[in-house]
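To keep things clear, I will list the structure first and then write my remarks on it.
The values are calculated or read from the model by the stated rules, or taken from the named source; none is laboratory data. Since we're looking at a predicted model, the values are computed, not measured. Cβ sites come from the backbone with ideal geometry, for glycine too, and all protein chains shown count toward neighbours. Calculation scope for accessible area: heavy atoms of the full protein, side chains included, ligands and nucleic acids excluded. Shrake-Rupley method; radii C 1.70, N 1.55, O 1.52, S 1.80 Å.
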Amino acid sequence: MMNIISTIFWKDLRENLRDRRNIMRMFLLPCFLIPMMGHFFLQFADSHSEKLDKNILDYAIIGEQYLPELAKMYADEPTFHRVNVAEDKINEAIRDKIIRFAVKIPENAKQQLSSGERLGVSFVFYQSAPSHGLVKDRGTAPLQAYSQKQRDWRLAFLGVSGESARSALLDPVTFDVVNIASERERIGHNLGTIMAYPLFIICFMGCAFTAVELATGEKEKGTLEILVMLPIPRTFILIGKFLVVFVLGLLYSTLSMLSLAGWLIFEGMNSSDAFKTVLTQIGVGDIMLVWLMLIPVTAVFSAILLAISIYARSYREANSLSSIANFLVVVLATAIFIPGVNLTWFWSMIPVSNVGLVIRELIKGTLSDYLMILSIFVTTLVIGTAALLFSVAWFRKESVIFRD
């Protein structure tokens, strides 16, 4: 039995390693493209945020005659450019990006300030993405400065001129916020999430490249029919092919993890001292446990993708079915981004999500119940075995192997 499985395993493994396309996919993407893309993405994000912070913002102001001092503060801002827009066209001009924001001053602004009332000024802008919030921050800065100036005048009129007296009047109760979470726990939460998500996608891709070629590819080349006519149990053939998908998928994800870790260390050297400290606290044991968690995920992906490849009529159909499976993986992987989702016994039984949550806890250094890792292995073993049994059942049917 072991000799048969070993023969099929080494045969398929040699064929895959001889294929230059597989070698390029296996080494080029994880070792070079991922770090380069991450590096250039960070550079682009930094330069883009810098650009948003310094570019000229067109604005309109309505009722400047009612509060000329506020209007002058906007006019003195070098990164603002005033555009004359009619009041009834303000919303349309903002949506058409003729202006980025508008300030509306009411007619009785001076009377309200003189009488000590609260003045209401309207700030109109458009925000459909988080980056648009920068327009609000920059556009309301003169308003906040003007409000603070008016507040200081009122306090001075009341005889409260000292800085400490003003602070005591405005903030009669002070409080200290103490966060007992360590820097590793705070930074590791985001870092673990960032690491887990691409590892899932890369691991799935590595298994898909091999699985589709081993079954559907052999169907189209006509070599699978010859293989099943040999006096070898089909279950042994399938197990040999599964091991090839699993080994190459694990190799692919291992190279990707090492590449991703190297990239994080390289980028971290130019980051803050806190981030550097967190990187030094992540030990070899934590990295080994993260790698260990890739094993059940790779096994499940290998079994599912091999079942898809055996069932599919053609290479195109196999890719279509694999894309559906990839969508489900993405949905399960995004659970780790949902606020409030943490590693519990319930989530330890949800495939893909459970591994992502464990990786996050390992990077944070807060994994306390290691029995949950056993729960994850049991869950993935059940799912992988079920997928492998489906593959065996389909592989034994002549209608599946020889269908057009």
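Which of the pairs LYS89/LYS136; LYS136/LYS364; LYS54/LYS364; LYS241/LYS364 have their Cα atoms more than 31 Å apart in this structure?
Table pairs above 31 Å Cα-Cα are LYS136/LYS364; LYS54/LYS364; LYS241/LYS364.
What net charge is computed for the residues neighbouring ILE363, neighbours being all others with C-beta under 12 Å from the C-beta of ILE363, Lys and Arg scored +1, Asp and Glu -1?
+1
Under 5 Å between amide H atoms, partner at least 5 residues away or on a different chain: which partners does ALA60 have, H built in plane at 1.01 Å?
Here the answer is VAL83, PHE101, ALA102, VAL103, since their amide H atoms fall under 5 Å of that of ALA60.
Using θ = phi - 60° and the Karplus curve 6.51 cos²θ - 1.76 cosθ + 1.60, what whole-Hz ³J(HN,Hα) does each residue of the range 377-391 get, with Gly and Pro shown as x?
Result, ordered by residue: 5, 5, 4, 5, 5, 5, 5, x, 5, 4, 5, 5, 5, 4, 4 Hz.
So how much slack lies between ALA86 and ASN108, counting 0.36 nm per residue of separation and subtracting their Cα-Cα distance, in nm?
Using 0.36 nm per residue and subtracting the Cα-Cα distance, I get 5.9 nm.
Rounded to the nearest whole Å², what accessible area per residue is found for the range 320-404 with the 1.4 Å probe?
Accessible area per residue: 51 Å².
Expressed as a whole number of Å, what is the distance separating the alpha-carbon centroids of the range 53-80 and the range 87-132?
About 11 Å separates the Cα centre of the range 87-132 from the one of the range 53-80.
What does the C-alpha gyration tensor say about the overall shape of the range 288-404? Classify as rounded when a/c is under 1.5, otherwise prolate if a/b is larger than b/c, or oblate.
Verdict is prolate for the range 288-404.
So for ARG316, ARG151, what's the accessible-area order with a 1.4 Å probe, most first?
Largest accessible area first, the residues go ARG316, ARG151.
Calculate the spin-label point distance for ASP137 paired with LEU389, positioning each point 7 Å from the Cα along the beta-carbon direction, and give it in nanometres.
Using points 7 Å along Cα→Cβ, the separation is 5.5 nm.
PHE337 to LYS397: extension gain in nm, 0.36 nm per residue of separation minus the Cα-Cα distance?
Value of the extension gain: 17.4 nm.
Quick check on the range 295-334: take the gyration tensor over C-alpha atoms, sort the square-rooted eigenvalues as a ≥ b ≥ c, and tell me if it's rounded (a/c under 1.5), prolate or oblate.
oblate
Sorted by packing (mean other beta-carbon atoms within 10 Å per residue), highest first, where do 58-64, 242-248 land?
The densest-packed peptide leads the list: 242-248, 58-64.
Label points 7 Å out from Cα along the Cβ direction at GLU185 and ILE201: separation in nm?
3.1
Which value in nm describes the separation of the simple spin-label points at VAL330 and ARG313, placed 7 Å from the Cα toward the beta carbon?
According to this spin-label approximation, the distance is 2.6 nm.
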